[in-house]
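Reading through the structure tokens given below for one structure.
Every number here is computed from the coordinates shown, using simple stated rules; none is lab data. The structure presented is a predicted model; accordingly, all values stated were derived computationally and were not measured. Here the Cβ positions follow ideal geometry from the backbone for every residue, glycine too, while neighbour counts run over all protein chains shown.
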Amino acid sequence: MKKAVHFGAGNIGRGFIGLLLFRAGYEISFVDIVPEIIDAINRYEEYRVKTLGKKEEDYKVTGIKGISLSEEQKVAEAIAQADIITTAVGPKALEKLAPVMAKGLKIRLANNPGRSVNIIACENMLGASEFLKEKVFRQLEPRELSKLETIVGFPNAAVDRIVPPQEETEDILSVSVEPYFEWVTDKKAFAPPIPSIPGMQAVDNLQAYVERKIFTLNTGHAIAAYLGYRKGHSTIREALQDESICAVVKGAMEEAGKYLLHQFDFSPEEHEEYIEKTLQRFQNPYLKDEVVRVARQPIRKLGPKDRLVFPASKVLELGIEPKNLARGIAAALKFDWQGDEEALALQDMIKKEGLQQVLAKVCRIPEESRLRQLIIEAYNNLP
């Protein structure tokens with residue numbers, strides 16, 4: 001049986017990537033840092049995935065194993081034998097996987113020198129697999145690199161599936177997800193052969209799909225959360241039922257779309273359809289997608305290459321004033337939920353250094369930029 005190693009046994013790992021790997025015929029070893037999850041995986045060796053929609057579907061994932069990331073030798077040996085390696089650990093944790101991956105590739109080189117493998121980082125991050133490749137390859141000797149470069153692929157990926165917070169039950173493994181998903185990979189970056197995984201699409205123009213997803217779905221999701229939080233809404237659906245919020249969210253997605261249509265080969269009709277589909281997904285009545293979950297980590301999300309500032313900057317370069325995006329950025333700057341460390345750090349930074357310094361240090365927006373003016377105006381006018 002084909003073997004897969006998946007790093008990150010959280011809800012996305014189990015409910016999205018793990019499910020597709022299982023349905024493609026892989027035996028999956030989940031690697032995680034949470035003892036309770038690993039213990040449950042090894043005790044039950046299976047879990048259920050339920051899709052939340054008008055027509056509920058139930059899938060059972062069986063034959064799974066769990067390995068703690070602290071068991072480095074076991075993880076390395078699993079990597080050495082794997083047919084595919086995937087991750088869903090979050091951008092901040094990705095770099096921490098590099099040492100054990102490098103160790104596993106060294107064992108692989110010694111035991112299976114001609115056998116190819118692909119490592120796909122399934123993260124909300126531009127160039128996640130390339131980033132991981134750089135960190136892994138830094139741990140290897142030049143002679144090892146020369147042999148591994150042709151047999152180890154690191155294809156970047158665009159992944160998209162809303163996995164809401166789960167209801168607390170005794171069954172900590174089963175997970176509920178939305179019916180829609182997208183997993184698109186860079187065809188050119190695979191070490192051949194490209195694995196056959198129904199639901200995974202390998203394309204030549206991955207960057208277009210990555211940016212469309214991040215600067216439409218992630219942009220709209222974040223703005224709905226930040227504006228929803230300001231008005232006291234608890235879920236994304238509830239926030240978007242507020243017409244004033246929905247108008248800003250859709251407006252921001254359309255503004256970001258000006259850049260996407262300029263940069264890539266999408267038709268205006270196709271992109272408008274994508275925006276409408278995304279708004280429908282946000283309003284799925286079966287998803288309890290919490291505003292504070294989506295809004296957390298505002299410092300990361302306000303970065304110059306992330307979902308808010310990047311499209312706003314690019315739209316401005318096209319001579320269009322991104323007023324809705326600026327309003328979303330302003331709302332993110334006001335996010336002060338006590339349950340998020342980054343939110344509190346951001347508010348502390350604004351209090352001690354001032355908004356102008358935060359726009360310079362966190363968002364990297366030049367002082368003379370019109371975008372900075374638009375954000376400050378929106379910030380001062382937000383309730």
(request) Any chance you could list the semi-axes, whole Å, largest first, of the equivalent ellipsoid that the Cα gyration tensor gives for the range 208-381, using √(5λ)? (result) 24, 21, 12
(request) In a Gaussian network model over the chain where Cα atoms closer than 10 Å are linked, find which of D160, D58, D289 has the largest mean-square fluctuation. (result) D58
(request) Binning at 5 Å from 0, report for the range 139-192 what percent of all alpha-carbon pair distances ends up in each bin. (result) 4, 15, 13, 12, 12, 11, 10, 11, 8, 3, 0
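For the range 21-62, what ratio Rg/Rh do Cα atoms give with a Kirkwood hydrodynamic radius? Don't jump to the answer; show the numbers that get you there.
Working: Rg = 12.3 Å, Rh = 11.9 Å.
Across the range 21-62, the Cα-based Rg/Rh ratio is 1.04.
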(message) How much length would be gained if the chain were fully extended between T62 and L318, taking 0.36 nm per residue of separation minus their Cα-Cα distance, in nm to one decimal?
(response) 87.1 nm
(message) Charges on Cβ only, +1 for Lys and Arg, -1 for Asp and Glu, centred on the Cα centroid of the chain; of Q81, V5, L333, which one is farthest towards the dipole's positive end?
(response) Q81
(request) Give the relative contact order (percent, whole number) for the chain; include only Cα pairs under 8 Å separated by 6+ residues. (result) 13 percent
(request) Considering the convex hull of the alpha carbon atoms of the range 168-223, report its projected area averaged over all viewing directions, in nm², one decimal. (result) 6.2 nm²
(request) Set Lys and Arg Cβ to +1 and Asp and Glu Cβ to -1, take the dipole of the chain about its Cα centre, and tell me which of V163, G114, G18 lies farthest positive. (result) G114
(message) Among A40, A252, A225, which one shows the highest mean-square fluctuation when the chain is modelled as a Gaussian network with alpha-carbon springs under 10 Å?
(response) A40
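Ratio of alpha-carbon Rg to the 2.2 N^0.38 Å globular estimate for the range 109-164, to two decimals, please.
Values: Rg = 13.5 Å, N = 56, 2.2 N^0.38 = 10.2 Å.
Against the compact-globule rule of thumb, the ratio is 1.33.
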(request) For the range 320-367 and the range 220-255, compute the distance between their C-alpha centroids and round to whole Å. (result) 17 Å
(request) Could you work out the longest stretch of the chain that avoids the GluC sites (Glu not before Pro) located in DSSP loops with at most 15 other Cβ atoms within 10 Å? (result) 171-366
(message) For the chain, compute Rg over Rh where Rg is the Cα radius of gyration and Rh is the Kirkwood radius from the inverse mean 1/r over Cα pairs.
(response) 0.98
(request) Note the angle between two axes, namely the Cα long axis of helix 128-137 and the longest principal axis of the Cα atoms of the chain, as a number of degrees from 0 to 90, rounded to the nearest 10. (result) 50 degrees
(request) Only Cα pairs under 8 Å and at least 6 apart count here; give the relative contact order of the range 164-292 as a rounded whole percent. (result) 28 percent
(message) For the range 99-258, take N as its residue count and report Rg(C-alpha) divided by 2.2 N^0.38 Å.
(response) 1.32
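Calculate the all-directions average of the projected area of the range 2-204's alpha-carbon convex hull, and give it in nm². Can you show the working numbers first?
Numbers: hull surface 43.3 nm².
Taking a quarter of the hull surface, the average projection is 10.8 nm².
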(message) Please report the net charge: other residues with Cβ closer than 10 Å to the Cβ of L206, K and R +1, D and E -1.
(response) -1
(request) Report, please, the projected area of the range 293-383 averaged over directions, based on the convex hull of its C-alpha atoms, in nm². (result) 5.5 nm²
